[in-house]
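The values are calculated or read from the model by the stated rules, or taken from the named source; none is laboratory data. Predicted model only: the values in this text are computed from it and were never measured. FYI the Cβ positions are ideal-geometry reconstructions off the backbone, even for glycines, and counts take in every protein chain you see. Note: accessible area is taken over every heavy atom of the protein model, side chains too, but ligands, DNA and RNA are not part of it. Shrake-Rupley method; radii C 1.70, N 1.55, O 1.52, S 1.80 Å.
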Amino acid sequence: MANKTKIALIAGFAPLAMFGMAFAGVPLYKLFCEKTGYNGTTSIAKDAASEVLSRQIKIRFDANIMPNVPWRFTPEQSEVSLRLGENGLAFYRVTNTSDHPITAVANYNVTPHKAAIYFQKLECFCFKNQTLAAGETREMPVIFYVDPRLASDEKTKEISQVTLSYTFFEVPKQTVELQTGPS
């Protein structure tokens, strides 16, 4: 009797655990990527770097849009050179070329991927959905620095250039309504 009860409990609990993991998987994966820099995911910094080194690093900027998003999206500068630990400020310009409002969100990564853990964002338009009215143009800033520890990591100390890349994806209307309420 005890064996049958144990099997019944396992059989009943297993689907519930799998269902729970399906919901927890995405936020846990995102947290893992942010903490490790996996797949080029950058970190969100709470404060500026505690030191600034004399070593320079070049930051290149890239902008992409999925084909179904009728926006123009470009970096206002193609690159900057900063010292490790120095705060940088870059602007991107986006224009909604359609005749109706569109909400989109920017995913981002850094290459080479092994440098991503050292790329720290203090402020970024990519932290939340962006809604642009028909024909609207907006400048969007990103404030960042490259952690000076990049220079002492054996895997990254030879890196002299990184690329910060964004891709805008349209947010489904149903998701926007859930977040803001019906329009």
| query | Using a cut-off of 20 Å between alpha-carbon atoms, which aspartates and glutamates can reach residue 6, once sequence neighbours fewer than 8 places away in the same chain are excluded? | reply | none
| query | Which entries in the list 128/155; 58/121; 114/173; 128/157 go over 26 Å, if you measure between the two C-alpha atoms of each? | reply | 128/155; 114/173; 128/157
| request: Would you please give the FRET efficiency between residue 52 and residue 98, computed as 1/(1 + (r/R0)^6) with r the Cβ-Cβ distance and R0 = 41 Å, to the nearest 0.05? | output: 0.45
| remark: With every protein chain in place, the accessible area of residue 50 for a 1.4 Å probe, in Å² rounded to the nearest 10, comes to 120 Å²
| field | Computed over the stretch 110-150, Cα set: Rg, Dmax in Å | value | 13.9, 44
| note | With all protein chains in place and a 1.4 Å probe, residue 108 shows an accessible area in Å² (nearest 10) of 40 Å²
